[in-house]
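Enquirer: Sharing a structure here in structure tokens format.
The values are calculated or read from the model by the stated rules, or taken from the named source; none is laboratory data. Just so it is clear, the model here is predicted, and its values are computed rather than measured. Reconstructed Cβ throughout: ideal geometry from the backbone, glycine too, with neighbour counts over all protein chains shown.
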Amino acid sequence: MAEEVKKKRLTDVGPHDYNEYLSPMIKKNYGKWAYHEILDTATMVHVSENGDKLYTVRMGSPRLVSGSFVRDICDVADKYCGGFLRFTTRNNVEFLIEDEKNVEPLKKDLEKLGYNPGGIGNIVANIVHTQGWVHCHTSASDASGVVKSVMDELYEYFVEDKLPSKVRIAFACCLNMCGSVSSSDIAIVGTHKKPPRIDAERLRNLCEIPSTIAACPTNSIRPDTVDGKPGVKVNEETCVFCGSCYTVCPAMPIANAENDGLSIWVGGKVSNARTKPTFSKLAIPFIPNDPPRWPGVVEAVKTILNAYKKGAEPGERVGEWIERIGWSRFFKVTGFPFTKYHIDDFRLGETTMNYSAHTRL
Amino acid sequence: MGKKHQTPLLDELKKGKWISFVREIERAAEKSERTEDLLGQVEESYRDKVNHWKHGGMAGVKGYGAGMVGRFSEFPEKYPGIKECHSMRIIPSAGFFYNSDFLRKLADISEKHAGGLLNFHGATGNIQILGMSQAEAEDAFQAIAELGFDLGGSGSDLRTPSCCAGQARCEFANYDTMKICHDLTEEYQDELHRPAFNYKFKFKFSGCANDCVASAARSDLAFIGTWKDKIKINQGEVKNYVQKFNVQKYVLDKCPTKCMWFEGDNLVIDDENCVKCMHCINEMPKALRAGDEKGASILIGAKAPLVTGPRMGMMLVPFYDINEDAKNDYEQLKALISNMWEFWDEFGVSRERIGELIGRVGLNTFLEGIGLEPMPEMVEHPRSNPFIKFTEEGEE
């Protein structure tokens, strides 16, 4: 009588060996690529030192995908790429094709399936974004819906190369800013504008008071006695509505249906090419949430993109263009009002003033 | 079969040319019924303009303190399918390379053990499976482990490292980003699975200064490929580019240090003044290539705004000989990382990223703490204020 052999529980297996997922041509030419050329907004070719050519077809994805989506792209990869594919940092899918003959049929198949080949060159890149109302508890707005609305409107710029340079748009649904949102050509950020509410009784049970106090960037949370028991109070004069306290203390909710919305930031960049990496700067402090299509946000992004397209030299990123024409002219050409909120009064804010007589009049 | 919940607002987002996430959630719901309730709750958020998730909550697998993020619906009676809607994070294959066999099996797992929804990838670079209950976590974890994959980081731990496509598909890569990303993930599994840090810590690896994974904008320790010797010039290809576009205006004039010019038809580069920004190589990839003495710059301290403001990565090690160190199992790098983590452990406070700690105690204190010498590459310029704290050892 055989004893049932209990299967050993697997644990700490570690990262998977990526070599298993490299196509034969990639394995052969690993570290031996010579150059690449962009053939159209969906296609590029990498040429190796020995002349091998690897074609890449890129398509957009909404980042949040179904198992059926995964099977669709697997079918395409099996048909044309020996099953090999990859994703980009900006959530695109890339099909890796060894036989040039397969490039156009693959793109046709993607279009037939309703997918979006594109995203290479001087284009609006796929918008990196967060979970929003679909899956996040600190979100001040939805993410996927805003992204979908903006990309629907800017779709021509994903599939046609007609901008001075690439434009990277990013979205974060709160100031935690998952992803590299704060260094994007255009950043859309979920923003609160009212202080957290304190549920004193839940706070006593759920939150550690010292860490709640320490979570505040402006020292606006102080110890307090509520009904003779320990608690906290918020100095609403100095609170900047960042939501950091809610991240550590569930009894300080800050989401506010009537007062949450989005802010728009411009001119950030991650790459070191030409100029150093920079953070995005404030363009519009607040646009109220307006689901399902957020027309105010879409309009603001289009205004920036159109002004950039009109004013920038070939090869200039949004931030380089603004640096050249100056911020005063940026506000003039976009028509966005410059307000007191644009002057930085946080830590290191004084380093951002204009200590010179340089001015565009 | 009719829809369980009416979703007039979300239905608006099925229109338009860009691929619709609403359609993706619906497709997931066709395979995993619970996801019907996700549509219902998100529709309610669209109506109420506020999210309907409870704050955090615990979820996880035995022996791990990380890898799952707990998520509970605010309305469990109304939307029982997402009463628990946790996500499981999975360490991606380096460079995000996959094959269809693995992805199909993962899709099956996501439908069998969760809501049939996935992220490729989350902001840090994990694959995420959404909509899992705690009761399903162990089986899902074992199914994933059988495919040779493991859970990613979450909470105050080493977050899942990520890298660019590197030498697998890019001529710009100055080192093997995928190898070091994989090797260090393997090395620091314990730090990844079992949170013991003050706060999160991220490694990201980019093969060149184009920094396609945004390492210097969002990782505590960013590795950016660079080289020490001369840019290799193919003068024939330079001439071909000159025929095609205005090389003077769009390449030479945009060089940040004006370290290149033409002498006759020949391009000349003052390599000592080159800052390896990649612009000229980006514009003329057939004509210019990085030199042979390749390695990486290490930048430290990048992070998002919370708590004390966003930080960009700052230069810590101008040239790290990654290829040499790889031969010795990254001995030099591991010593540096260990010194850093010890300093952070000793002097950092809860929820303080290492960049914020450096900002608080000053770069000098940090350098002394980890045993690095000050170098001019670390600063934009020397101090312009006279408030110098002279010390005995500084005068030696």
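Enquirer: Quick one: which residue in B:209, B:222, B:214 is in contact with an Asp or Glu (Cβ under 8 Å, 6 or more places away or on another chain), under 30 Å from residue B:155 (Cα atoms) and either among the aliphatic types (A, V, I, L, M) or not assigned by TED's automatic domain parsing to the domain that holds residue B:179 (or both)? Can you show your working first?
Expert: Values: B:209 fails: in contact with an Asp or Glu (Cβ under 8 Å, 6 or more places away or on another chain); B:214 fails: in contact with an Asp or Glu (Cβ under 8 Å, 6 or more places away or on another chain).
Exactly one of B:209, B:222, B:214 is in contact with an Asp or Glu (Cβ under 8 Å, 6 or more places away or on another chain), under 30 Å from residue B:155 (Cα atoms) and either among the aliphatic types (A, V, I, L, M) or not assigned by TED's automatic domain parsing to the domain that holds residue B:179 (or both), namely B:222.
Yes/no matrix, rows are residues, columns are (1) within 11 Å of another protein chain (Cβ to nearest Cβ); (2) of a type in the set (Lys, Arg); (3) in contact with a Cys (Cβ under 7 Å, 6 or more places away or on another chain):
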{"residue": "A:143", "(1), (2), (3)": "yes, no, yes"}
{"residue": "A:151", "(1), (2), (3)": "yes, no, no"}
{"residue": "A:154", "(1), (2), (3)": "yes, no, no"}
{"residue": "A:170", "(1), (2), (3)": "yes, no, no"}
{"residue": "A:193", "(1), (2), (3)": "no, yes, no"}
{"residue": "A:197", "(1), (2), (3)": "no, yes, no"}
{"residue": "A:208", "(1), (2), (3)": "yes, no, no"}
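Enquirer: While we're looking at this one, here's another question. Condition test on residue A:310, is it under 22 Å from residue A:148 (Cβ atoms), within 25 Å of the chain's Cα centre (by Cα), away from chain B (no Cβ under 13 Å) and of a type outside the set (Val, Ile, Thr)? Even if it seems obvious, please write down each step before you answer.
Expert: Numbers: under 22 Å from residue A:148 (Cβ atoms): no; within 25 Å of the chain's Cα centre (by Cα): yes; away from chain B (no Cβ under 13 Å): yes; of a type outside the set (Val, Ile, Thr): yes.
In short, no.
Enquirer: Condition first: assigned to a loop (DSSP other than H, G, I, E, B) and either of a type outside the set (A, V, I, L, M) or more than 9 Å from every other protein chain (Cβ to nearest Cβ) (or both). Can you find one or more residues in the stretch A:297-305 that meet it? Let's see the steps before the verdict.
Expert: The first filter runs over the stretch A:297-305 and keeps only residues assigned to a loop (DSSP other than H, G, I, E, B), leaving none.
For the stretch A:297-305, residues assigned to a loop (DSSP other than H, G, I, E, B) and either of a type outside the set (A, V, I, L, M) or more than 9 Å from every other protein chain (Cβ to nearest Cβ) (or both): absent.
Enquirer: If a residue must be under 19 Å from the mean Cα position of the chain (by Cα) and either outside any strand (DSSP E or B) or under 30 Å from residue B:255 (Cβ atoms) (or both), how many such residues does the stretch A:261-279 contain? Before you say what the answer is, go through the steps one by one.
Expert: Initially, the stretch A:261-279 is screened for residues under 19 Å from the mean Cα position of the chain (by Cα), giving A:261-272, A:277-279.
Remaining after also requiring either outside any strand (DSSP E or B) or under 30 Å from residue B:255 (Cβ atoms) (or both): A:265-272, A:277-279.
Result for the stretch A:261-279: 11.
Enquirer: Would you check if residue B:130 is at pLDDT 95 or above and either more than 26 Å from residue A:133 (Cβ to Cβ) or touching a His at 6+ places or on another chain (Cβ under 7 Å) (or both)? It would help to see each step written out before you state the result.
Expert: Values: at pLDDT 95 or above: yes; either more than 26 Å from residue A:133 (Cβ to Cβ) or touching a His at 6+ places or on another chain (Cβ under 7 Å) (or both): yes.
Yes.
A quick yes/no check of all residues on (1) in contact (Cβ under 8 Å) with a residue 12 or more places away in the chain; (2) in contact with a Gly (Cβ under 7 Å, 6 or more places away or on another chain):
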residue: A:103; (1), (2): yes, no
residue: A:107; (1), (2): yes, no
residue: A:111; (1), (2): no, no
residue: A:138; (1), (2): yes, yes
residue: A:147; (1), (2): yes, no
residue: A:159; (1), (2): yes, yes
residue: A:178; (1), (2): yes, no
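Enquirer: Same structure again: Filter the stretch B:80-105 down to residues that are more than 7 Å from every other protein chain (Cβ to nearest Cβ), in contact with a helix residue (DSSP H, G or I) (Cβ under 9 Å, 6 or more places away or on another chain) and either assigned to a strand (DSSP E or B) or surrounded by fewer than 23 Cβ atoms within 10 Å (Cβ to Cβ) (or both), then give me how many there are.
Expert: Total meeting the criteria: 8.
Enquirer: Within the stretch A:201-235, can you find the residues that are under 22 Å from residue A:176 (Cβ atoms) and of a type in the set (Asp, Glu)?
Expert: A:208
Enquirer: Being among the aliphatic types (A, V, I, L, M) and at the interface with chain A (Cβ under 7 Å from one of its Cβ atoms) is the filter here, so list the residues in the stretch B:107-119 that pass it. So that I can check it myself, show each step before the final result.
Expert: Keep residues of the stretch B:107-119 that are among the aliphatic types (A, V, I, L, M), which gives B:107, B:109, B:114, B:117-118.
Matches in the stretch B:107-119: B:107, B:117, B:118.
Enquirer: A further question on this structure: Among the residues of the stretch A:12-43, count how many are at the interface with chain B (Cβ under 10 Å from one of its Cβ atoms), surrounded by 18 or more Cβ atoms within 10 Å (Cβ to Cβ) and part of a strand (DSSP E or B).
Expert: Summing the residues that are at the interface with chain B (Cβ under 10 Å from one of its Cβ atoms), surrounded by 18 or more Cβ atoms within 10 Å (Cβ to Cβ) and part of a strand (DSSP E or B) in the stretch A:12-43 gives 3.
Enquirer: Give me a count of the residues in the stretch B:343-356 that are touching a residue at least 60 places away in the same chain (Cβ under 8 Å) and either within 14 Å of chain A (Cβ to nearest Cβ) or surrounded by 21 or more Cβ atoms within 10 Å (Cβ to Cβ) (or both).
Expert: Applying the first criterion (touching a residue at least 60 places away in the same chain (Cβ under 8 Å)) to the stretch B:343-356 yields B:344-345, B:348-355.
Still in the list and also either within 14 Å of chain A (Cβ to nearest Cβ) or surrounded by 21 or more Cβ atoms within 10 Å (Cβ to Cβ) (or both): B:344, B:348-355.
Residues in the stretch B:343-356 being touching a residue at least 60 places away in the same chain (Cβ under 8 Å) and either within 14 Å of chain A (Cβ to nearest Cβ) or surrounded by 21 or more Cβ atoms within 10 Å (Cβ to Cβ) (or both): 9 in total.
Enquirer: Given the criterion touching a Pro at 6+ places or on another chain (Cβ under 7 Å) and not β-branched (Val, Ile, Thr), identify the matching residue among B:49, B:78, B:54. Outline the logic, then answer.
Expert: On the way: B:78 fails: touching a Pro at 6+ places or on another chain (Cβ under 7 Å); B:54 fails: touching a Pro at 6+ places or on another chain (Cβ under 7 Å).
Only one candidate qualifies: B:49.
Enquirer: Go through the stretch B:124-173 and report how many residues are under 27 Å from residue B:226 (Cβ atoms), out of contact with any Ser or Thr (no Cβ under 6 Å at 6 or more places or on another chain) and not in a helix (DSSP H, G or I).
Expert: Result for the stretch B:124-173: 8.
A quick yes/no check of all residues on (1) crowded, with 22+ Cβ neighbours inside 10 Å; (2) within 10 Å of chain A (Cβ to nearest Cβ):
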site: B:217; (1), (2): yes, yes
site: B:242; (1), (2): no, no
site: B:247; (1), (2): no, no
site: B:255; (1), (2): no, yes
site: B:258; (1), (2): no, no
site: B:266; (1), (2): no, no
